[in-house]
Amino acid sequence: MANKGNKVNYNAMAKEDLVKGIVQEKQRYYKMQFNHAVSPLANPVELRAIRRNIARMLTALASK
């Protein structure tokens, strides 16, 4: 989701969209984390990117 050239403005998103996005990203993160524990991911840096996107969404949600 987070490419260097493709930044998303979470502050412009609606509250409902942020909550939905947080739930989806958390599910994706936990699934990837489990898969990484079973067999290594091709790009483990994706876990960090997803975790940071979740934090950005939570920050934007808290500011609303």
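No lab work stands behind these numbers, since they all come straight from the coordinates. Computed from a predicted model, the values in this text were never measured in an experiment. Heads up, the Cβs are rebuilt from the backbone with ideal geometry, glycines too, and the neighbour counts pull from every protein chain shown.
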request  = Could you list, in sequence order, all residues of the stretch 21-43 that are within 18 Å of residue 8 (Cβ to Cβ), surrounded by 13 or more Cβ atoms within 10 Å (Cβ to Cβ) and of a type in the set (A, V, I, L, M, F, W, C)?
outcome  = 22
request  = Evaluate the following for residue 35: is it on the phi < 0 side of the Ramachandran plot and in a helix (DSSP H, G or I)?
outcome  = yes
key: Pairs with Cβ under 8 Å, 6+ apart, first in the stretch 6-20 and surrounded by fewer than 10 Cβ atoms within 10 Å (Cβ to Cβ), second in a helix (DSSP H, G or I)   = none
